[in-house]
Amino acid sequence: MGLHTEKPRRKTTGVASGAVTGRRFINYSDAQCNAKGQLAKGIAMDSAIDGQTFAIIVDGTGLITAGEALGVGDKVTTNGLGKAVIAGRGEYINGVVMRAQSLADQLVEIRVSGNTVSTVPTTTTTSTSTSTTTSSSSTTSTSSSTTSSSSTTASTISTTSTTMTTTTTSMTTTTSTTTTTTVTTA
């Protein structure tokens, strides 16, 4: 067993709602935690009677009474008496053990959770939307034919021009245009 110390970074003052035993988890009503897995505001530094003010460690390291043997790195919550016990699934993590304590009812140093984390497993659903854009390409082909004929009475010039345009995008669209021009000279 090593030396257990505390280095609170932040403390607040509470007004006891019922009797509070020092070195136990305190809830947000400034009462001693009385249910396993309960969300804790911090650790009571001293005992207090109903209506009396007392200091609460809300961030940093603090000494708390162990409710069971605890190892370094164990995530702890409160038991029904406000003591530190290993957190189970669905229970709030109110701190992390800094130095092991092999005996119950002895002081253990924990890092008080500034941001309370629940051990409830969570599922994250991620949606991915993919958009594909195909660049357009355009092909134009033109064919022309000219027919000339001569006769003694009339001259006929016939010009036929065909233009075909094909445009391709993500969906294939085909556009055809045909232009026919006929010129008759008399």
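FYI, it's all coordinate maths here, none of it is from the lab. Just so we're clear, the structure is a prediction, and the values are computed from it rather than from any experiment. All Cβ positions, even for glycine, are placed from backbone atoms using ideal geometry, and neighbour counts span all protein chains on display.
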Exercise. Where the only charges are on Cβ atoms (+1 Lys, Arg; -1 Asp, Glu), what is the dipole of the stretch 1-41 about its Cα centre, to the nearest 20 debye?
Worked result: 160 debye
Exercise. Once phi is turned into θ = phi - 60°, what whole-Hz ³J(HN,Hα) does the Karplus curve with 6.51, -1.76 and 1.60 give for every residue of the stretch 68-74, x standing for Gly and Pro?
Worked result: 6, 5, 10, x, 4, x, 4
Exercise. How much net charge surrounds E109 when only other residues with a Cβ under 10 Å from its Cβ are counted (Lys, Arg +1; Asp, Glu -1)?
Worked result: +2
For this session: Please list 36-43, 98-105 highest first by mean number of surrounding beta-carbon atoms within 10 Å per residue.
Result: 36-43, 98-105
For this session: Amide H neighbours of A87 under 5 Å, at least 5 residues apart or on other chains, H built in the peptide plane: list them.
Result: K75, V76, T77
